[in-house]
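Q: My questions will all concern the structure given below.
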Amino acid sequence: MDVVIGIDSGTTATKGVAAGLDGELHAHASVHYPLLVPGPGRAELDADRVRDAAVEALVDVAGQCRAAGHRVVGVSLSSFLHALVPMDADSKPLGPLVTWADGRAGGQSAAIADQGLAKKLLARTGTPVHPMAPLSKLAWWGATDPETLRDTPRWGGGKELILSGLADEAYLLDLSLASATGLYDIHARRWDPEALEIAGVREDQLAEVVPTTRRLRLKAEVASAAGLPADTPLIIGAGDGPLANLGVGATPAGVAAVSLGTSGAMRTVVDQPSSDEAGRLFCYALTEDRWVVGGAVNNAGSVVRWAGQAFAAGFARPAAEGENADEIDAALLIEAQSAPPGSDGLLCLPYLLGERAPWWRAGMRGAFLGLGREHGRPHLVRSAVEGVCQQVALVRDSFDAAGFPVTEVRATGGAVASDLWVGVLAATLDLPVAIADTPEGTGLGACLLGWHALGSLPDLDQAAGLVDIGAPTVPDAANAELYRRQRPLIEEAALFVAHLSEQLTTPVAAPDDRKSGAVPG
């Protein structure tokens with residue numbers, strides 16, 4: 001069978017898959033690496049390891065395809081969004097890759113917002129002003145180490161880094177990743193002059209932006225190591241969020257993808273770059289004529305994982321010895337089903353890691369509201385699940401307000417293995433939720449975009465018929481009404497907590513953390 005290999009570079013692993021034009025997966029590989037947290041507010045990856053992991057995953061999957069008799073007709077790339085790495089003139093990294101979760105640019109994001117520039121920048125660039133964005137990260141770099149900002153030949157992200165290991169081409173970046181930097185005008189299709197001025201970088205320090213379907217050449221040594229013909233097309237590909245929609249078939253109008261892993265997101269595809277006047281949603285490219293509107297939430301499965309650490313000490317169950325964190329999460333979720341919908345009036349604001357959509361406030365703190373002595377661990381865990389799903393529902397409400405109604409949801413991610421998560425999600429969204437059968441939606445999306453670039457999948461909406469989806473979970477009407485009544489209370493409480501958080505928190509970067517550790521000397 002002819003297959004396209006998809007390489008999906010994530011924040012904890014690079015995964016490789018191979019898929020035929022029918023959407024079936026025929027090979028899989030995973031190369032792991034740790035997220036580095038060397039100081040307060042920092043979240044980095046070893047840039048050399050991320051670059052090399054893409055090559056390793058490609059070699060592994062190509063070998064599996066060769067052993068099975070499949071012919072590799074292309075390789076297509078996916079990368080996580082909002083990363084930043086300084087590079088030399090040959091695109092070799094000069095230090096760690098700073099990820100979206102790095103919070104050191106909180107002061108710069110707040111300053112941009114205080115100047116009244118945030119909504120104008122979002123309208124032009126599609127990216128909210130937030131510490132996650134390269135715009136804010138570069139501004140932070142300029143404030144703490146201006147010489148490095150000025151003198152670094154190239155500033156890139158995950159995709160530029162991966163291409164430096166795989167591609168025999170000039171310094172390039174796909175439209176999808178560019179649209180998520182906060183530096184690129186998605187309407188004028190150019191680097192935004194005002195954003196560049198705020199960030200303190202020159203256009204010549206940034207990559208040339210090309211369509212997500214651009215064909216490149218594999219480096220000769222990489223093609224040889226993978227056992228691929230030298231002329232095997234390398235498709236530059238897109239960002240992981242937009243490709244996740246494609247990989248679960250959530251590209252037709254009204255269909256949204258929801259991912260619930262450690263963090264979460266809800267996204268839907270539209271036909272042109274779109275702005276949200278309320279400033280709650282992002283807009284990133286999938287292709288030149290298909291765009292993904294949505295919102296990401298920082299806290300999803302991580303909240304239950306925290307609950308396991310905070311509340312599960314002495315959790316007495318048979319065979320408790322030797323249980324890993326995943327097993328404890330599963331047991332907590334089963335126990336939480338004994339609490340009623342609404343958790344007997346207990347509300348959770350799950351902002352343990354700050355929050356992105358719809359608030360875009362990095363310093364927000366979480367809270368339990370309405371806590372009484374009648375509440376036990378099942379209530380606390382269930383209300384945490386409800387709080388996360390309500391946050392996703394607030395993103396869905398933003399869709400409605402912006403004119404992007406959703407009628408169908410396709411969900412993926414580790415959390416949706418739990419019946420509790422799926423049932424609460426369906427009720428808070430008040431929509432049927434179907435689960436995608438493949439756990440590798442982003443990698444499959446990269447493969448399908450590759451087939452599209454090769455001309456074999458002319459209409460991306462065909463993906464909806466290629467992806468296996470389970471029977472939908474229908475929302476419980478009474479629960480949906482309960483959660484709908486709660487949501488205005490949650491929104492009001494969240495805004496109060498945001499104000500309170502600003503009074504309680506201090507900047508995360510210590511005075512002696514000026515150099516960030518990203519560039520030697």
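The values are calculated or read from the model by the stated rules, or taken from the named source; none is laboratory data. Since the model is a prediction, treat every value here as computed from it, not as a measurement. Quick reminder, even Gly has a Cβ in these numbers, built from the backbone with ideal geometry, and neighbours come from all protein chains shown. Only protein heavy atoms, including side chains, enter the accessible area calculation; ligands, DNA and RNA are left aside. Shrake-Rupley method; radii C 1.70, N 1.55, O 1.52, S 1.80 Å.
Q: Using the charge dipole of segment 1-150 (Lys, Arg: +1 at Cβ; Asp, Glu: -1 at Cβ; taken about the Cα centre), state which of His28, Pro146, Val17 has its Cα farthest towards the positive end.
A: Pro146
Q: Of the peptides 21-27, 353-359, how do they stack up when ordered by the mean number of other Cβ atoms within 10 Å, highest first?
A: Numbers: 21-27: 16.3, 353-359: 23.9.
In decreasing order of mean packing, 21-27, 353-359 become 353-359, 21-27.
Q: Something else now. Which percent of the Cα-Cα distances in the chain go past 28 Å? All intermediate terms of the calculation are to be shown ahead of the outcome.
A: Values: 71543 of 135460 pairs.
I get 53 percent for the Cα pairs in the chain exceeding 28 Å.
Q: Please work out how much length the chain gains when fully extended from Asp430 to Tyr33, using 0.36 nm per residue of separation minus the C-alpha to C-alpha distance, in nm with one decimal. List each step's numbers first, then the result.
A: Values: separation 397, 0.36 × 397 = 142.92 nm, distance 3.80 nm.
Additional length available on full extension: 139.1 nm.
Q: Now, a different point. Got the relative contact order for the chain handy, in percent, Cα pairs under 8 Å and 6 or more residues apart? The partial results should precede the final answer.
A: Numbers: 1211 pairs, mean separation 89.5, N = 521.
That works out to 17 percent.
Q: While we're looking at this one, here's another question. Can you give me the solvent accessible area of Glu440 with a 1.4 Å probe, rounded to the nearest 10 Å²?
A: That residue has around 30 Å² of solvent-accessible surface.
Q: Additional query: If DNA, RNA and ligands are ignored and the probe is 1.4 Å, what is the ranking of Tyr171, Tyr483 by accessible area, most exposed first? Numbers along the way, then the final one.
A: On the way: Tyr171 30, Tyr483 0 Å².
Putting Tyr171, Tyr483 in descending order of accessible area: Tyr171, Tyr483.
Q: About the Cα centre of segment 1-66, how large is the charge dipole given +1 on each Lys and Arg Cβ and -1 on each Asp and Glu Cβ? Please answer in debye to the nearest 20. List each step's numbers first, then the result.
A: Numbers: 5 positive and 10 negative charges, 38 e Å.
The calculation lands at about 180 debye.
Q: Going 7 Å from the Cα of Arg373 in the Cα-to-Cβ direction, what parts of segment 325-362 have a backbone nitrogen less than 19 Å from that spot?
A: 344-346
Q: Carbon and sulfur: what percent of segment 52-136's accessible surface (1.4 Å probe)? Walk me through the numbers on the way to the answer.
A: Numbers: 1470 of 2750 Å².
So the carbon and sulfur contribution to the accessible surface is 53 percent.
Q: When a/c is below 1.5 the answer is rounded, else prolate if a/b is larger than b/c, else oblate, so apply that to segment 354-422 with a ≥ b ≥ c taken from the square roots of the Cα gyration tensor eigenvalues. Don't skip to the end; give the middle numbers.
A: Numbers: a/c = 2.18, a/b = 1.39, b/c = 1.58.
Oblate is the answer for segment 354-422, as a/c is 1.5 or above yet b/c matches or exceeds a/b.
Q: Something else about it: Solvent-accessible area per residue for the chain at a 1.4 Å probe radius, Å²?
A: Details: 19780 Å² over 521 residues.
Accessible area per residue: 38 Å².
Q: Let me ask something additional. When DSSP assigns beta bridges and you keep just the ones with both residues in the chain, what percent turn out antiparallel, to the nearest 5?
A: Numbers: 50 of 74 bridges.
Among the beta bridges of the chain, antiparallel pairing accounts for roughly 70 percent.
Q: OK, next. Size of the dipole of the chain about the Cα centre, Lys and Arg at +1 and Asp and Glu at -1 on the beta carbon, nothing else charged, in debye to 20? Walk me through the numbers on the way to the answer.
A: On the way: 40 positive and 63 negative charges, 129 e Å.
The dipole magnitude comes to about 620 debye.
Q: Enumerate the calculated ³J(HN,Hα) couplings along segment 411-422 in order (Karplus 6.51 cos²θ - 1.76 cosθ + 1.60, θ = phi - 60°), each rounded to whole Hz, writing x wherever the residue is Gly or Pro.
A: 10, 8, x, x, 5, 6, 6, 9, 4, 4, 4, 5
Q: So how much accessible area does Asp46 have, in Å² to the nearest 10, using a 1.4 Å probe?
A: Per-residue accessible area (Asp46): approximately 80 Å².
Q: Further question on the same structure: Could you give me the ³J(HN,Hα) list for segment 445-460, computed from phi with Karplus coefficients 6.51, -1.76, 1.60 and θ = phi - 60°, whole Hz, x at Gly and Pro?
A: Working through the residues one at a time gives x, 4, 4, 5, 5, x, 4, 5, 5, 7, x, 8, 10, x, 10, 5 Hz.
Q: Kindly state, to the nearest 0.05, the FRET efficiency for Asp476 paired with Ala401, given R0 = 22 Å and r defined as their beta-carbon distance. Don't jump to the answer; show the numbers that get you there.
A: Values: r = 25 Å, r/R0 = 1.13.
Calculated transfer efficiency: 0.30.
Q: Which of the listed residues, Leu173, Leu206, Thr232, is farthest toward the dipole's positive end in the chain, when Lys, Arg count +1 and Asp, Glu count -1 at the beta-carbon?
A: After comparing all options, I get Leu206.
Q: Would you mind getting me the FRET efficiency between His499 and Glu221? Use the beta-carbon distance for r and R0 = 45 Å, nearest 0.05. Spell out each step's value before the answer.
A: On the way: r = 56 Å, r/R0 = 1.23.
Efficiency for this residue pair is about 0.20.
Q: Can you list the lysines whose alpha carbon sits under 26 Å from that of Lys219, skipping same-chain ones fewer than 8 residues off?
A: Cross-link targets: Lys15, Lys92, Lys159.
Q: Pull up all non-local amide H partners of Val292: gap of 5 or more, or a different chain, and H-to-H distance under 5 Å with H placed in the peptide plane.
A: Counting only residues 5 or more places away or on other chains, the set is Val270, Tyr284, Ala285, Leu286.
Q: Next question, about the same structure. For Leu94 paired with Asp289, estimate the spin-label separation in nm (one decimal), with each label point 7 Å from Cα along the Cα-to-Cβ line.
A: Taking the two extended label points, one gets 4.1 nm.
Q: Rounded if a/c is under 1.5, else prolate if a/b is larger than b/c, else oblate: which is segment 462-502, with a ≥ b ≥ c the root eigenvalues of its Cα gyration tensor?
A: Because a/c hits 1.5 or more and a/b fails to exceed b/c, segment 462-502 counts as oblate.
Q: Right, another one. What are the residues whose amide H is under 5 Å from the amide H of Asp192, where those residues sit 5 or more places off or on another chain and H is modelled from the backbone?
A: Excluding prolines and chain starts, which carry no amide H, the hits are Tyr184, Asp185.
Q: Here's something else I'd like to know. List, in order, the whole-Hz ³J(HN,Hα) value for each residue of segment 354-370 obtained from phi through the Karplus relation with A = 6.51, B = -1.76, C = 1.60 and θ = phi - 60°; use x for Gly and Pro.
A: x, 8, 9, 5, x, 8, 6, 10, 5, x, 4, 10, x, 6, 9, 10, x
Q: OK, next. Rank-order 265-274, 368-377 by packing density, defined as the average count of other C-beta atoms within 10 Å over each peptide's residues, highest first. Mind dumping the intermediate values first?
A: Numbers: 265-274: 20.3, 368-377: 13.4.
The most tightly packed comes first, giving 265-274, 368-377.
Q: Out of the total accessible area of segment 156-306 (probe 1.4 Å, heavy atoms of protein only), what percent is carbon and sulfur?
A: On the way: 2120 of 4640 Å².
Of the solvent-accessible surface of segment 156-306, carbon and sulfur hold 46 percent.
Q: Right, here's the next one. Rank these residues by their accessible area, most exposed first, probe 1.4 Å: Asp329, Asp419. Mind showing how you got there, number by number?
A: On the way: Asp329 20, Asp419 125 Å².
From most exposed to least exposed: Asp419, Asp329.
Q: Let me ask you something else. Over segment 1-112, what is the percentage of antiparallel beta bridges among all DSSP beta bridges, to the nearest 5? Don't skip to the answer; put the middle values down first.
A: Details: 18 of 26 bridges.
If we restrict to bridges inside segment 1-112, about 70 percent are antiparallel.
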